1. So, in segment 50-77, of the ones that are more than 17 Å from the chain's Cα centre (by Cα) and free of Cβ contacts under 8 Å to residues at least 24 places away in the same chain, which residue ends up nearest to Val192 (Cα to Cα)?
2. If a residue must be surrounded by fewer than 16 Cβ atoms within 10 Å (Cβ to Cβ), under 21 Å from Val65 (Cβ atoms) and out of contact with any Ser or Thr (no Cβ under 9 Å at 6 or more places or on another chain), how many such residues does segment 103-152 contain?
3. Any chance segment 79-93 includes a residue that's under 18 Å from the mean Cα position of the chain (by Cα) and farther than 30 Å from Asn189 by Cα?
4. Among (1) touching a residue at least 60 places away in the same chain (Cβ under 8 Å); (2) surrounded by 20 or more Cβ atoms within 10 Å (Cβ to Cβ), where does Ser100 come up short?
5. State the number of residues belonging to segment 27-44 that are within 11 Å of the chain's Cα centre (by Cα) and open to solvent by 30 Å² or more (accessible area, probe 1.4 Å).
6. Look through segment 154-183, keep the residues that are open to solvent by less than 30 Å² (accessible area, probe 1.4 Å) and without any contact (Cβ under 8 Å) to a residue 40 or more places away in the chain, and return whichever of them is nearest to Leu141 (Cα to Cα).
7. Confirm whether Val183 is more than 15 Å from Pro58 (Cα to Cα) and among the aliphatic types (A, V, I, L, M).
Amino acid sequence: SALLPFFLPAIVMSGLTVMREHGAEITSDVGAVDRVWIAAAGRAHDAWRLLVPFGLSPLYPRWSVGAVRPFGIAAFVAGVVALIWIFRARSRWPWVALGSAHFVISLLPTSGVIPFGYMDHSFVADHFLYWPSWGFWLAVLSPLAMLPRIGTWMPLVWILPSLALTPMQARAYRDSGQFWGAVLQGNPNSWVAHGNLGHWLAERGEFAEARVEL
């Protein structure tokens, strides 16, 4: 019961997400079993992006289901093994268990196991990680914080690079042109990005460039 307040915000927001994004009108071209593999691959993608925050995109390309299936199966097996180990070691590493549980549970509504609208564009998104990320870093850094002498300074391994990289990434959100241009750098086939960039250019009177995008 003492931990319940930590999970209540995630539960409430998850419920709102389900009400807004899930429903009878939402369909998926991905089978139920493949959605499990995609969810596992997505969590591996999320962990990698948190550890190595380079090549970020506001809208990642949508994966080919067939191409990602072997990786997703491997990620699912590795994830299950890791969670079993963490559960069994929870008395020794309570903060690792808490952080891991928060990371996994708070990402469930957007994991893709249950179809929702965003899956038409991509299976992963950095903005899904804002709230879950603290659980990930709690799980990663809490054992390192116990190291003699250097343990107290280990959180700086995450904080200092983040402080340096955040202003660079924030440039993509200066205006719509910057945003959709940033999407197209890593996702050149995104029809959403081309369409929105075209509208933005047309509103600025740059009709020749807008025609190319549209």
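1. Step by step, filter segment 50-77, then rank; the result is Ser64.
2. Going through segment 103-152 one residue at a time, the tally reaches 2.
3. At the first step, the residues of segment 79-93 found to be under 18 Å from the mean Cα position of the chain (by Cα) are 79.
With the extra rule that they be farther than 30 Å from Asn189 by Cα, the set shrinks to 79.
Within segment 79-93 (the criterion being under 18 Å from the mean Cα position of the chain (by Cα) and farther than 30 Å from Asn189 by Cα), the answer is yes, since at least one residue qualifies.
4. (1)
5. Counting residues in segment 27-44 that are within 11 Å of the chain's Cα centre (by Cα) and open to solvent by 30 Å² or more (accessible area, probe 1.4 Å) gives 2.
6. Quick first cut of segment 154-183, residues open to solvent by less than 30 Å² (accessible area, probe 1.4 Å) only: 172, 177, 181-183.
Keeping just the survivors that are without any contact (Cβ under 8 Å) to a residue 40 or more places away in the chain gives 177, 181.
Values: Gly177: 37, Gly181: 35 Å.
Looking at the filtered set, the residue picked out is Gly181.
7. Numbers: more than 15 Å from Pro58 (Cα to Cα): no; among the aliphatic types (A, V, I, L, M): yes.
The answer is no for Val183.
The values are calculated or read from the model by the stated rules, or taken from the named source; none is laboratory data. Keep in mind that this is a model prediction, so the values were computed, not measured. Note that each Cβ is placed from the backbone with ideal geometry, even for glycine, and that neighbours are counted across all protein chains shown. All accessible areas refer to the heavy atoms of the entire protein, side chains included, with ligands and DNA or RNA removed. Shrake-Rupley method; radii C 1.70, N 1.55, O 1.52, S 1.80 Å.
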